[in-house]
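Engineer: Structure in structure tokens, see below.
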Amino acid sequence: MTEEQAATPEQQGSQWYDSEAGPLVRPYAMTGGRTEPGPSGARFDLIALVTLATGAPETGADTALGPEHLALVELCRAETQSVAELAADTDLPVGVVRVLLGDLLELGCVTVSRPVPPAHLPDERILREVIDGLRAL
């Protein structure tokens, strides 16, 4: 056995191994080097809501999805989550989560609803007048 073969993982590739966390995977490896969500042109705002679609794989199903994709699916299975929540819960960078969500969106596993822009929200004054009018009835 050569000296290189006898080395522990910490000694062989110390930059790729963390004694507490185990082997490290760089974010670009999870996305295949991609930085954009995909050809669909989807934009995932931090507050965009991600919901599990009916086409999502069941828990434990044999799929071609990676472990990070499956982690996102499982988080969305419990309840609708924002992109920011998914990134925090998976401990992945937001850019990586956006790319992975783009993959899931293309596969029909999730649906994304974008928040309503403030310009399209009704004016508070109008809502108060409606409430006052209903109370007057």
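Engineer: 5 Å is the cut-off here: which amide hydrogens, built 1.01 Å from N in the peptide plane, fall below it relative to Ser82, excluding neighbours closer than 5 in sequence?
Structural biologist: Here the answer is Val50, since their amide H atoms fall under 5 Å of that of Ser82.
Engineer: A further question follows. If each of Val116 and Glu79 carries a label point 7 Å out from its Cα toward its Cβ, how far apart are those two points in nm?
Structural biologist: Taking the two extended label points, one gets 2.1 nm.
Engineer: What distance in nm separates the simple spin-label points at Glu129 and Leu49, each placed 7 Å from Cα in the Cβ direction?
Structural biologist: 2.8
Engineer: Under a 5 Å amide H to amide H cut-off, with H placed in plane at 1.01 Å, what residues pair with Val110 once short-range neighbours are removed?
Structural biologist: Sorted by chain and number, the residues that satisfy this are Ala53, Leu105.
Throughout, read-outs are computed from the coordinates displayed, never taken from laboratory work. Here the structure is a predicted model, which means the values were calculated and not measured. In this analysis, Cβ positions are derived from the backbone assuming ideal geometry, glycine residues included, and neighbour counts consider all displayed protein chains.
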